[in-house]
Amino acid sequence: MDRDGAHGEISRASPFIRDVLLARVRAVRAGDAETLAEPLGAHAIEFDDVRLAASSVREEKGKDAVDVSVGAPPGAMDGARARADAEALCASGTATRVRDKANAGYDLTLRVDVSELAAMESEAARMEVIERAARVRSAVYGAKLRAHLRALGETGGTEGALDWHTRRPGETMFIKPQKDQVTVVFPMRFEDARDAVIATQFLTHFAEVRRTQKDLSTAPAVSYIKTPPLELKEAPEELLNVAATNGGYVSFVLFKRHVAEDRLESTVWNILTFHAFVSFHIKYSKAYWHSRMRNKVESWLSILKRAKKSDPNGPKKMTTASGRTFVRK
Amino acid sequence: MAREDAMTRPAVVIDNGTGWTKMGFARNVRPSHVIPTCVAANGATTSGKMMDDLDVAIGREAMALSASREVRWPIRHGTVENWEDMERFWQASVCRYLRCDPEDHYFLLTEPPLNPPENREYTAEIFFESFNVPGLYIGVQAALALAASIASKKQSQYASALTGTVIDIGDGVTHIIPVSDGYVLGSSIKSVPLAGRDLTTFVQYLMRERGEKIPPEDAMEVARKVKEDHCYVCKDMVKEFLAHERKPGEHVVQINGTRGKTGEKWSADVGYERFLAPEVFFNPEIYSSDYITPLPELVHQAIASSPIDTRRNLYGNIVLSGGSTMFKGFGKRIKRDVKRLVDERIAATTKGGTLTSKEVDVEVVTHNFQRTAVWFGGSVLASTPGFYSSCVSKADYEEHGANIVRQNPVFRGI
Ligand SMILES: Nc1ncnc2c1ncn2[C@@H]1O[C@H](COP(=O)(O)OP(=O)(O)OP(=O)(O)O)[C@@H](O)[C@H]1O
Ligand SMILES: [Mg+2]
């Protein structure tokens, strides 16, 4: 996995797709008939309820291929554009093609010719084909945002109607084309009220760091407010659903420089995965607090242990951040 | 609040072993990822940068950082010992490998037999409080392995009784667990802290003693590969030894490698260790002076101490699980040796009498996914309709606190 994954960034390539393809290629190269004879039918679900599947196809004898499919909740797929983007970003010659029709239940299917991959001389070239296929969800579900950002790159930015991309029912990312810029707004919703509190602190900090740190000055501007920003005044009420938005509103302002050819794809992906990024971060910080707390409890318990003989109440009940109690001996 | 539609999605299944973690989604036959259960955290957590707590590598990436960071293994002999690292490991597993919203899925985790209830509480705290999972099930590894073997034998007969003896030998611990009707017979469990990692050490030792020239920094990895690719269980240690002496050409294999640091090529011979390493299970005194009861003897003891009416079924369905049961010939040898012990015992009890006891059948079930049997059993269990209701739900947890998970419900409906 890319090293930057370790810093909380979400890698564009799906580890699931990559590992499935790698394992299959390895089996073909090793002539592992036992593994290949077993039909492959693997599936996974990633954040934002995106479904992934890999299934083996035997088109002809001695040729091994794998269909890689993606599916998302209704509303996330922007049909024709998504296909064209997958074609441009994920297909590789005859090794990976976009299928005319997606496999049942999915939005888009790539057919990866594993035999061809296995026969490739260059390891680097092979990895490149796999990597491109593994980025399929960014290609497909980033299509709408990508189109707006491309337009910004081409025209320099003109005022346009508010648009949106549904990540999952009730969770919308708004896109507002403006003069010289595109503004993307995320209403932040969290299943858990405690998470929403942590998110509020994190996002405040996030916007502040962006403002004050010099080395971030080329990153998109971020603002964080508690009420819907002006850009959302045209938004349909049912999509906005202010009552359910317990984590405030994050806006990113993107300029032409953010969508230069070499930056476009990482901009699309980073924006698209912003909600997941925050939600994973919250889980990490809770883990961090829990371990700090456990250490405290532990040191406190060791004091208690030393004083145990004189403690008539026996083991103490401990309380965690959210009020759960547990007893330790 | 947990997402209400979580039951419509496949559960996440994670089997954390001493050496390897298997993770993926229910209804799959194989886990999506199998990675070493280790963590390399950034030691300097005080620099104040806001993303520092995210700077944790796990699995192979953690091992690749061993030159610059301390690599820690949070599980020892099957049991979690370092909860901080374990929590970090789970975080990274969920957020970077599976990349799922934990709110969206029920989770099935595994535990070794006789896991202390406090450990279950810690686990529940982490999963309900850090991850907000809607529901959690913690299954005993042996029972899951048994479920896996039933599911693999006859797809249609999930309902057959969950009775059998599981031999689970992974990286850090060996367990022999009799299970009757899904209940683990706790008092009959045998366990020895001698498993795959020890065999690797033993192979490494034997090769070093013979003076094979393997770069020291790779010695452990090479030994593991040798063990996994070339070792087998023989019928008789002494005879095998003589066979090797007589015709080394037929038994010795050569392995080659390149030293990472210098690019130098090396080669080494693999000889006696091919059968001596797994022989540790059958003649433990060749490796250890602390644990000297042979595995078949332990199996026999475990079953003999189980309720009398279950014994026939326990002998008749011995199930292998864990990477270290994958040696060629392993199942056959267990079967033969256990059978001998049973027959001896019958002979001893009926000697001189007129009673003849009925013969006892010993069957050892082997299959081609022993390595991930526990995980697969979890995947099967989590695919049954009754699974979601046998989980502890987030609501149960909020109402009763962590001690709701102290008891381990036995699953039915498989
Ligand atoms: N083909 C093989 N032959 C022999 N040993 C193998 C083989 N494949 C893997 N192993 C060994 O099996 C061990 C890993 O098994 P497994 O994944 O079941 O253990 P674990 O679940 O991590 O540990 P535990 O169950 O003890 O906590 C390692 O020691 C590995 O070297
Ligand atoms: Mg195990």
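Which whole-Hz ³J(HN,Hα) couplings does the range A:32-38 yield from phi under the Karplus relation 6.51 cos²θ - 1.76 cosθ + 1.60, θ = phi - 60°, glycine and proline marked x?
Karplus values, whole Hz, x for Gly and Pro: 7, 4, 4, 5, 6, 5, 7.
Can you put A:His290, B:His251 in order of Cβ neighbours within 10 angstrom, beginning with the fewest?
B:His251, A:His290
Any idea how far the Cα center of the range A:188-234 sits from the one of the range B:83-149, in Å?
Centre-to-centre (Cα) distance: 31 Å.
Going through the range B:319-402, which GluC sites (Glu not before Pro) have at most 16 other Cβ atoms within 10 Å and a DSSP loop state? All intermediate terms of the calculation are to be shown ahead of the outcome.
On the way: sites: B:Glu344, B:Glu359, B:Glu363, B:Glu398, B:Glu399; in loops: B:Glu359, B:Glu363.
Sparse-neighbourhood loop GluC sites (Glu not before Pro): B:Glu359, B:Glu363.
What is the distance in Å between the Cα centroid of the range A:136-155 and that of the range A:11-65?
28 Å
Search the structure for amide H atoms under 5 Å from the amide H of B:Ile75, placed 1.01 Å from N in the peptide plane, and list their residues when 5 or more places away or on another chain.
The answer is B:Glu81.
For A:Ser223, what is the net charge nearby, where nearby means another residue's Cβ is under 15 Å from its Cβ and Lys, Arg count +1, Asp, Glu -1?
Neighbour charge sum, excluding A:Ser223 itself: +2.
Report the charge-dipole magnitude of the protein assembly as shown in Debye, nearest 20, computed about the Cα centre from +1 at each Lys and Arg Cβ and -1 at each Asp and Glu Cβ.
Details: 99 positive and 96 negative charges, 203 e Å.
Here the protein assembly as shown has a charge dipole of around 980 debye.
How far apart, in nm, are the 7 Å Cα→Cβ label points at A:Ala151 and A:Ala125?
4.0 nm
Can you give the local net charge around B:Ala223? Use residues other than it whose beta-carbon is closer than 13 angstrom to its beta-carbon, Lys and Arg +1, Asp and Glu -1.
Once positives and negatives cancel, what remains is -2.
Largest first and in whole Å, what are the equivalent-ellipsoid semi-axes of the range B:196-279 based on the Cα gyration tensor, each being the root of 5 times an eigenvalue?
Over the Cα atoms of the range B:196-279, the semi-axes work out to 23, 14, 9 Å.
Please arrange A:Met293, B:Met23 by how many other C-beta atoms lie within 10 Å of their C-beta, fewest to most.
Going from sparsest to densest Cβ surroundings: A:Met293, B:Met23.
Pairs of Cα atoms under 8 Å, at least six residues apart: use those to get the relative contact order of chain B, whole percent. Mind showing how you got there, number by number?
Numbers: 760 pairs, mean separation 83.4, N = 414.
Averaging sequence separation for qualifying contacts and normalising by length gives 20 percent for chain B.
In debye to the nearest 20, how big a dipole does chain B give about its Cα centre with +1 on each Lys and Arg Cβ and -1 on each Asp and Glu Cβ?
1600 debye
Gaussian network model of chain B, Cα springs within a sub-10 Å range: biggest mean-square fluctuation belongs to which of B:Gly329, B:Gly263, B:Gly19?
B:Gly263
Would you calculate the separation in nanometres between label points at B:Glu359 and A:Glu261, each defined as 7 Å from the Cα along the Cα-to-beta-carbon direction?
Spacing of the two 7 Å Cα→Cβ label points: 7.9 nm.
Could you work out [θ]222 nm for chain A from helices alone, using -39500 (n - 2.57) per DSSP H run of at least four and dividing by all its residues? Round to the nearest 500 deg cm²/dmol.
On the way: 11 runs with 138 residues, N = 329.
Result for chain A, helices only: -13000 deg cm²/dmol.
Could you tell me which residue out of A:Val184, A:Ser266, B:Pro31 lies farthest along the dipole of the protein assembly as shown toward its positive end? Charges go on the beta carbon: Lys and Arg +1, Asp and Glu -1, centred on the Cα centre.
The residue sitting farthest along the positive end of the dipole is B:Pro31.
Take the Cβ-Cβ distance between B:Val253 and B:Met220 as r, set R0 to 22 Å, and report the resulting FRET efficiency rounded to the nearest 0.05.
0.70
Which loop-located GluC sites (Glu not before Pro) does the range A:44-127 contain, where loop means any DSSP state but H, G, I, E or B and the Cβ has at most 13 other Cβ atoms within 10 Å?
Numbers: sites: A:Glu46, A:Glu59, A:Glu60, A:Glu87, A:Glu116, A:Glu121, A:Glu123; in loops: A:Glu59, A:Glu60, A:Glu121.
Within the range A:44-127, the qualifying GluC sites (Glu not before Pro) (loop, at most 13 other Cβ atoms within 10 Å) are A:Glu59, A:Glu60, A:Glu121.
Suppose only helical runs count, i.e. DSSP H with n ≥ 4. What mean residue ellipticity at 222 nm does that imply for chain B under -39500 (n - 2.57) per run, divided by all residues and rounded to the nearest 500 deg cm²/dmol?
-10000 deg cm²/dmol
Placing +1 at every Lys and Arg Cβ and -1 at every Asp and Glu Cβ, with all other atoms neutral, what dipole size does the range B:196-279 have around its Cα centre, in debye to the nearest 20?
It comes to approximately 120 debye.
Among A:Val136, A:Val57, A:Val297, whose mean-square fluctuation peaks in a Gaussian network model of chain A (Cα, cutoff 10 Å)?
Judging by the Gaussian network model, the answer is A:Val297.
Mind listing the phi-derived Karplus ³J(HN,Hα) values for the range B:121-129, rounded to whole Hz, using 6.51, -1.76 and 1.60 with θ = phi - 60°, and x for any glycine or proline?
Values per residue, Gly and Pro as x: 5, 4, 4, 4, 4, 4, 6, 7, 8 Hz.
Distance in nm between label sites at A:Arg99 and B:Trp266, each 7 Å beyond Cα in the beta-carbon direction?
Simple spin-label model gives 4.8 nm for this pair.
Rank the residues A:Arg18, A:Arg58 as a footprinting-exposure proxy: fewest other Cβ atoms within 10 Å of their Cβ go first.
So the residues, fewest neighbours to most, are A:Arg58, A:Arg18.
Projecting each Cα onto the charge dipole of the range A:15-141 (Lys/Arg +1, Asp/Glu -1 at the beta carbon, about the Cα centre), which of A:Leu36, A:Ala80, A:Met127 comes out farthest on the positive side?
Highest projection toward the positive end goes to A:Ala80.
Which loop GluC sites (Glu not before Pro) in the range A:125-219, with loop taken from DSSP, have no more than 15 other Cβ atoms within 10 angstrom of their Cβ?
A:Glu159
When chain A is treated as a GNM, springs tying every alpha-carbon pair under 10 Å, which of A:Thr267, A:Thr218, A:Thr204 comes out with the largest mean-square fluctuation?
A:Thr218
Please give the length that would be gained between A:Ala243 and A:Ala30 if that part of the chain were fully extended, namely 0.36 nm times their separation in residues minus their C-alpha to C-alpha distance (nm, one decimal).
Details: separation 213, 0.36 × 213 = 76.68 nm, distance 5.68 nm.
Fully extending the segment from A:Ala243 to A:Ala30 adds 71.0 nm.
Using a 10 Å cut-off on Cβ to Cβ distances, tally the other chain neighbours for every residue of B:120-133 and report the average as a whole number.
The mean count of partner-chain Cβ atoms within 10 Å per residue comes to 4.
The protein assembly as shown: D in µm²/s via Stokes-Einstein (Kirkwood Rh, Cα pairs, 10 °C, 1.306 mPa s)? Show your work: numbers first, answer last.
Working: Rh = 28.4 Å.
Diffusion coefficient, whole number: 56 µm²/s.
I want the local charge near A:Thr35. Using Cβ-Cβ distances under 15 Å, sum +1 for each Lys or Arg and -1 for each Asp or Glu among the other residues.
My count for the surroundings of A:Thr35 gives +1.
Can you give the mean number of other chain Cβ atoms that lie within 10 Å of the Cβ atoms in peptide A:285-297?
5
Would you grab the residues whose amide H sits under 5 Å from the one on A:Leu108? Only those 5+ places off in sequence or on another chain, please, with H modelled 1.01 Å from N.
For A:Leu108, whose amide H was placed from the backbone, the distant partners under 5 Å are A:Val70.
Throughout, read-outs are computed from the coordinates displayed, never taken from laboratory work. Remember, predicted model here, so these are calculated numbers, not experimental data. Cβ: placed from backbone, ideal geometry, glycine included. Neighbour counts: every protein chain shown.
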